[in-house]
Amino acid sequence: METQADQETADQTMEAFAAEVAHWREVRSLSKRALARKMGFDPSYVSHMEAGRHKPTEEFARLADEILNAGKAIWRRWLDYDAARSRSRPQASAPAPRRPEQPYASGSALVVEHDEAGLEFDGSTYRLTMRRRLRNTGTEPITRYLIRIAVDRYPGEPERSNAHYREHPLTWDELALTASCQGEDMRWQAKHDRDAFKEVWLLFDNEHGRFPLYPGDATWIEYAYSVGADKWGHWFQRAVRLPTEHLAVRLDFPTALDPVVWGTETSMTAEAAPLRTAVSRHDDGERRHFAWATDDPPLHARYRLEWRFRASAPNPQQTKETR
């Protein structure tokens, strides 16, 4: 049974969460409107959240911690609030099972059977090719698939990075995004278009017809895009946002640059640690190939490969993330 003390604790943790968000927003020199824009929320949402007019949500906590680079501080405040909120709820009946959030179609449940990223660098431009085998385990056809492209040239220096992308925004022309599904070109629609962040719906249709992913079926999709070295950089991160059975990453660099590669893994509740298995290396004439893979990665895990070119002058630290 809910007590007054339980409710007071829930209110206190909600206030602590709002204060944590405000603290990190100010540390990163972002206005409430600017943070809301980066998160893809209504411009007034952050203001309402910090004022206590909106209750915290898990999605908001994850995005705020990620965008503000808060080192899990915001996420821990969310966990405190969620625990206090659970204690304050009436216990007359068991809560209904929570369904995974699936933005693709009502009644859908998308599983990634195979996920492979291939990154090639020619000395000036990075070209990323993503291949995924998707299975619809739900009850409704899936007609679109969401992808994210985010860059941050100066990690740990948000003001400098924001200024850089205001002057040199990531453009659709330079990305040259292409997508296909088993030989059929896929149309795409921009969901969010920011200077350093893009969200895109890949559509299971083109000018010749539609090819939805029906319940019980699986299909391969592939998409690719390019980013110049001045906006990409020396690390590449993968975030597991859907149930995934196999995850693999390949890196392909010019041998003349004498590249070395290492990696880390982390999650919303764990600090960064070395990858549990080593990154393999193979030289093939003028190219040096690196590869790493894992099976059944946990949801919300993040895997990052970093590299250094020992044969070139050091470049400003840059970052890139794809989900």
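Strands (runs of 3 or more DSSP E) fully within the stretch 229-271 that include at least 1 residues being touching a strand residue (DSSP E or B) at 6+ places or on another chain (Cβ under 8 Å) and free of Cβ contacts under 8 Å to residues at least 40 places away in the same chain: 259-267. Of all residues being aliphatic (A, V, I, L, M) and at pLDDT 85 or above in the stretch 295-318, which is farthest from the chain's Cα centre (by Cα)? Just the residue, please. Ranking the qualifying residues of the stretch 295-318, first place goes to A311.
Do you know which of the residues in the stretch 151-165 that are out of contact with any helix residue (DSSP H, G or I) (no Cβ under 9 Å at 6 or more places or on another chain) and either under 17 Å from R304 (Cβ atoms) or among the polar types (S, T, N, Q) (or both) is modelled with the lowest pLDDT? So, considering only residues that are out of contact with any helix residue (DSSP H, G or I) (no Cβ under 9 Å at 6 or more places or on another chain) and either under 17 Å from R304 (Cβ atoms) or among the polar types (S, T, N, Q) (or both), the one modelled with the lowest pLDDT is G156. Scanning the stretch 1-35 for residues that are hydroxyl-bearing (S, T, Y), surrounded by fewer than 18 Cβ atoms within 10 Å (Cβ to Cβ) and modelled with pLDDT of 85 or more gives a single hit, S31. Looking only at residues of the stretch 36-50 that are of a type in the set (A, V, I, L, M, F, W, C) and under 16 Å from W78 (Cα atoms), we find that the one that is modelled with the highest pLDDT is V46.
Taken over the stretch 25-49, the criterion of being closer than 18 Å to G71 by Cβ and either under 20 Å from the mean Cα position of the chain (by Cα) or in the same structural domain as D195 (by TED's automatic domain parsing) (or both) is satisfied by R25, R28, L35, K38, M39.
Do we have R62 as in contact with a Leu (Cβ under 8 Å, 6 or more places away or on another chain) and either free of Cβ contacts under 8 Å to residues at least 12 places away in the same chain or among the charged types (D, E, K, R) (or both) here? So R62 does not fit the description; no. Evaluate the following for L175: is it in the same structural domain as A248 (by TED's automatic domain parsing) and crowded, with 19+ Cβ neighbours inside 10 Å? No; evaluated as a whole, the condition is false for this residue. Given the condition over 16 Å from I149 (Cβ atoms) and modelled with pLDDT of 95 or more, answer yes or no: does some residue in the stretch 220-236 qualify? Yes, the stretch 220-236 contains a residue that is over 16 Å from I149 (Cβ atoms) and modelled with pLDDT of 95 or more.
For every residue, the table says whether it meets (1) over 12 Å from L119 (Cβ atoms); (2) crowded, with 18+ Cβ neighbours inside 10 Å.
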site	(1), (2)
Y225	no, yes
W235	no, yes
L242	yes, yes
L247	yes, yes
R250	no, no
F253	no, yes
A256	yes, no
P259	no, yes
G263	yes, yes
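Just one of (1) at pLDDT 95 or above; (2) in contact with a Lys or Arg (Cβ under 8 Å, 6 or more places away or on another chain) fails for L177. It is (2). When Y126, Y145, Y104 are screened for being of a type in the set (F, W, Y) and either at pLDDT below 85 or in a loop (DSSP other than H, G, I, E, B) (or both), only Y104 passes. Residues in the stretch 198-206: is at least one surrounded by fewer than 16 Cβ atoms within 10 Å (Cβ to Cβ), assigned by TED's automatic domain parsing to the domain that holds G233, in contact (Cβ under 8 Å) with a residue 12 or more places away in the chain and assigned to a strand (DSSP E or B)? Yes, there is a match, as at least one residue in the stretch 198-206 is surrounded by fewer than 16 Cβ atoms within 10 Å (Cβ to Cβ), assigned by TED's automatic domain parsing to the domain that holds G233, in contact (Cβ under 8 Å) with a residue 12 or more places away in the chain and assigned to a strand (DSSP E or B).
The values are calculated or read from the model by the stated rules, or taken from the named source; none is laboratory data. Computed from a predicted model, the values in this text were never measured in an experiment. So basically every Cβ, Gly included, is an ideal-geometry build from the backbone, and we count neighbours across all protein chains shown.
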